[in-house]
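Engineer: Have a look at this one.
The values are calculated or read from the model by the stated rules, or taken from the named source; none is laboratory data. The shown structure was predicted, so the numbers you read here are calculated from the model rather than taken from an experiment. Every residue, glycine among them, receives a Cβ derived from its backbone with ideal geometry; neighbour counts consider all protein chains shown. Note: areas computed on protein heavy atoms with side chains; ligands, DNA, RNA excluded. Shrake-Rupley method; radii C 1.70, N 1.55, O 1.52, S 1.80 Å.
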Amino acid sequence: MDLEAVRTFAAVAEAGQFQLAAAGLSITQQAVSKRVAALERDLGVRLFTRTPRGADLTIDGQAFLPHARELLRVADRAAGSVRTDRRPLRVDVINSRGAASALMRGFHRTHPGIDLDVLMLLDIENAVAAIRSGAIDASFRAVAMPGRPLPEDIASVRVVDETLQLLTGPAHALAEARSVTPAELAGHRIWIPGIVPGSEWGAYYDDLAAEFGLTIEATGPNFGSDALLDTIADTPALATFTGVDTRLVWPTGHGLRRIPVTAPTPVYPHSLLWHRDNPHPALATLRTHLAATAAGHDAAGTWRPGWVSPR
């Protein structure tokens, strides 16, 4: 069944005249007549009778009209679900408490009229596949890993370098330090459960450990940030890394310490990924916003992996 013919039928039924329907549809009266005639042939019934006043619905036309209107509503909803100017901008932030989530909250405050769907995908390969399929519009990732170039149809830009801090419990040997250097962390156990081998953050911590001789342990299951904070608070021998923009909340009794790491300061490079042919108008707005709010990259006194491309 031709949807344009159904739309034309509904327009004639509303206007009561073929001529008025043609004007409303910006087509000729002859085209209206042809579409209605074709629909009548498909259905095997007459839908209108012509009168001196215009066109009246037959009994069959009256029976078909509510179904025609519902058919058009469904078709419009189906088309609207994939129209980039009507659907929300879908962005992967990896986790709800990290720097990417903070960037998107800032974007939402600045552009409250833009509808957003915020998702959390764990693996960069899944994120890239989702971008290429159109399931999401953008993802925040660390990119350009050794031997893992992005596909040519995926664009990326560095948007923020997040400073790392050391997080310890109150009884840790470094708990009272005003700051620590990476060299001073050698010999201390740094626990980051849930590092996925082959992930971009796995590669980052591998390089960080190799550069400064650190002991980074990924043992045990990852029960989430609350369980991590409980363990760090209760275990003097363990510390972990956290990003300066990562939101963490813990009970007052935990007494956790966030200690700056300096000389040099490790930074985690976050980039925005998107498909080069993505037409969503809000994607361009997001990129402009991030470019305007991004901190400086490769600042003096910071460390990042050598495989991270400059902005």
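Engineer: Leaving ligands and nucleic acids out of the surface, order 120, 1, 104 by accessible area at 1.4 Å, largest first.
Structural biologist: On the way: 120 110, 1 135, 104 10 Å².
Ranking 120, 1, 104 by accessible area, largest first, yields 1, 120, 104.
Engineer: Given charges of +1 on the Cβ of Lys and Arg and -1 on the Cβ of Asp and Glu, with all other atoms neutral, how large is the dipole of segment 243-301 about its Cα centre, in debye to the nearest 20? Don't skip to the answer; put the middle values down first.
Structural biologist: Working: 5 positive and 3 negative charges, 37 e Å.
It comes to approximately 180 debye.
Engineer: What trypsin sites (Lys or Arg not before Pro) in segment 127-194 are in a loop by DSSP, with at most 15 other Cβ atoms within 10 Å of the Cβ? Could the numbers behind the result be given before it?
Structural biologist: Working: sites: 132, 141, 158, 178, 189; in loops: 178.
Of the trypsin sites (Lys or Arg not before Pro), the ones in loops of segment 127-194 whose Cβ has at most 15 other Cβ atoms within 10 Å are 178.
Engineer: Compute the helix-to-body angle for 124-133: its Cα long axis versus the longest principal axis of the chain, expressed 0 to 90° and rounded to tens.
Structural biologist: The angle comes out near 20 degrees.
Engineer: Would you work out the relative contact order for segment 1-160, in percent, from Cα pairs under 8 angstrom that are 6 or more residues apart? Provide the component values of the computation, followed by the final result.
Structural biologist: Values: 155 pairs, mean separation 25.6, N = 160.
Worked out over segment 1-160, it gives 16 percent.
Engineer: Calculate the dipole size of the chain relative to its Cα centre from +1 charges on Lys and Arg beta carbons and -1 charges on Asp and Glu beta carbons; express the result in debye to the nearest 20. Walk me through the numbers on the way to the answer.
Structural biologist: Details: 30 positive and 33 negative charges, 227 e Å.
Dipole of the chain, to the nearest 20 debye: 1100 debye.
Engineer: In whole angstrom, note down how far apart the Cα centers of segment 253-280 and segment 116-172 are.
Structural biologist: What the calculation gives is 10 Å, centre to centre.
Engineer: Let me ask you something else. Counting each DSSP H run of 4 or more residues in the chain as -39500 (n - 2.57), what helix-only mean residue ellipticity at 222 nm follows after dividing by all residues, to the nearest 500 deg cm²/dmol?
Structural biologist: Details: 9 runs with 116 residues, N = 311.
Calculated mean residue ellipticity at 222 nm is -12000 deg cm²/dmol.
Engineer: Then there's this: Using a 1.4 Å probe, how large is the accessible area of residue 275, given in Å² and rounded to the nearest 10?
Structural biologist: Taking all protein chains as shown, residue 275 has close to 30 Å².
Engineer: Oh, and also: In the chain, what percentage of the DSSP-assigned beta bridges are antiparallel, given to the nearest 5?
Structural biologist: Numbers: 27 of 41 bridges.
Of those bridges, close to 65 percent are antiparallel.
Engineer: Still on this structure, I have one more. Under a Cβ-only charge scheme (Lys and Arg +1, Asp and Glu -1), can you give me the dipole magnitude of segment 121-192 about the Cα centre, in debye to the nearest 20?
Structural biologist: Details: 6 positive and 9 negative charges, 32 e Å.
Dipole of segment 121-192, to the nearest 20 debye: 160 debye.
Engineer: May I pose another question? May I ask you to list the chymotrypsin sites (Phe, Trp or Tyr not before Pro) in segment 223-292 that are in a DSSP loop and have at most 16 other Cβ atoms within 10 Å of their Cβ?
Structural biologist: Values: sites: 223, 241, 274; in loops: 223.
Passing both the DSSP loop test and the Cβ count: 223.
Engineer: Relative contact order for the chain: what is it in percent, counting Cα pairs under 8 Å that are at least 6 residues apart? If you can, show how the numbers build up before the last one.
Structural biologist: Values: 497 pairs, mean separation 65.4, N = 311.
RCO, the chain: 21 percent.
Engineer: Got the relative contact order for segment 177-311 handy, in percent, Cα pairs under 8 Å and 6 or more residues apart? Display every interim value, and only then the final one.
Structural biologist: On the way: 128 pairs, mean separation 39.4, N = 135.
Averaging sequence separation for qualifying contacts and normalising by length gives 29 percent for segment 177-311.
Engineer: Considering only DSSP states other than H, G, I, E and B, which trypsin sites (Lys or Arg not before Pro) in segment 22-119 qualify as loop sites with at most 12 other Cβ atoms within 10 Å? Write out the running numbers ahead of the final one.
Structural biologist: Details: sites: 34, 35, 41, 46, 50, 53, 69, 73, 77, 83, 86, 90, 97, 105, 109; in loops: 46, 53, 83, 86, 97.
Sparse-neighbourhood loop trypsin sites (Lys or Arg not before Pro): 53, 83, 86.
Engineer: Can you give the longest stretch of the chain with no exposed loop site, where a site means GluC sites (Glu not before Pro) in a DSSP loop (not H, G, I, E or B) with at most 14 other C-beta atoms within 10 Å?
Structural biologist: Values: sites that count: 152, 176.
My reading of the result: 1-151 is the longest stretch.
Engineer: Can I ask one more? Which listed residue (114, 54, 28) has the Cα farthest towards the positive end of the charge dipole for segment 28-156, taking +1 on Lys and Arg C-beta and -1 on Asp and Glu C-beta about the Cα centre?
Structural biologist: Result: 54, furthest along the dipole toward the positive end.
Engineer: Using amide H atoms built in the peptide plane, which far-off residues or other-chain residues are under 5 Å from residue 116 H to H?
Structural biologist: Amide H neighbours of residue 116, under 5 Å, 5+ apart: 89.
Engineer: Work out from phi, with θ = phi - 60° and the Karplus expression 6.51 cos²θ - 1.76 cosθ + 1.60, the ³J(HN,Hα) of each residue of segment 115-121, listed in order in whole Hz, and give x for Gly and Pro.
Structural biologist: Once θ is set to phi - 60°, the couplings for segment 115-121 become 6, 10, 10, 9, 10, 9, 9 Hz.
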